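Shown next, in structure tokens, is the structure this report addresses.
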Amino acid sequence: MTTWAWAALALYVFWLLTAFGARAVIQRRRTGDTGFRGISGTPGSVSWWAGVLFVVALLGAAAAPVAALAGLPALIGDVPAMQGAGAAVAALGIAGTLIAQRAMGASWRVGVDQQERTALVNDGPFARVRNPIFTAMAVTGVGLTLMVPNVAALAALAALTVAVELQVRVVEEPYLRAVHGPAYAVYEATTGRFLPGIGRARPMRHDAGLQP
């Protein structure tokens, strides 16, 4: 288990440095802005909790392999096939994260500034799902959890799942509807939220509320 814990920690550090550190540097060089907007909303609000849970998830993902190295037992015994599959899944998620971030170009952000207006990205991986970065992050989280299946890893994965759902539904989708109007309405009606074809919004009826 120790070997897998070190491997999980190495993958996590690589993901953190590339998906957040290197991406911010690239964004700064290309646009003059790192793209970081921080936690949205007032303390205690749903949007604020979304940001806090993201931080908890990131810290928990690092804590899980560290705890394993310190002796925290796994919930499942040593299963090399599962842990090897987890490493492959995590690597796939990391690659997907970087590809989707690159596809966003100048519109890439961490967090939302309600006063900001960015271009709607709906090509590349965004042509299949509206939130491919979050999908890839979840895949990474699942892979890391399979590598080090302890309580800390499961807690981090749970925090990430709730954070993504809140961030997308409460923060980002309302913002995009307000900024892009009909263009986003068409996009969310034809493109899945996290997986192709799943989570598409129902198109608004122009006659809604009228008496027959």
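Computed from the coordinates by the stated procedures, all read-outs in this text should not be read as laboratory data. Because the structure is predicted, anything quoted here is derived from the model rather than measured. With ideal geometry, Cβ positions are generated from the backbone for all residues, glycine too; neighbour counts draw on all protein chains shown.
Structure data summary
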item: Ranking of Trp6, Trp108, Trp49 by count of other Cβ atoms within 10 Å, fewest first; result: Trp6, Trp49, Trp108
item: Fewest-first ranking of Tyr187, Tyr12, using other Cβ atoms within 10 Å as the exposure measure; result: Tyr187, Tyr12
item: Burial ordering of Met82, Met137, Met104, fewest other beta-carbon atoms within 10 Å first; result: Met82, Met104, Met137
item: The chain - percent relative contact order, Cα under 8 Å, separation 6 or more; result: 28 percent
item: Prolate/oblate/rounded call for the range 10-50, Cα gyration tensor, a/c under 1.5 rounded; result: oblate
item: The chain: projected area of the alpha-carbon convex hull, averaged over directions, in nm²; result: 13.8 nm²
item: Kyte-Doolittle mean at least -1.0, axial Cα span of 27 Å or more - DSSP H helices of the chain; result: 46-69, 80-104
item: Convex hull volume of the range 104-154 per residue (C-alpha atoms, cubic angstrom); result: 104 Å³
item: Dimensionless Rg/Rh of the range 128-172 - Kirkwood Rh, Rg from C-alpha atoms; result: 1.03
item: When the range 1-90 is reduced to its Cα atoms, the Kirkwood hydrodynamic radius in Å; result: 15.4 Å
item: Listed residues Ala156, Ala87, Ala74, most fluctuating in the chain (Gaussian network, C-alpha, under 10 Å); result: Ala74
item: Cα gyration tensor shape for the range 126-210, rounded if a/c is under 1.5, else prolate or oblate; result: prolate
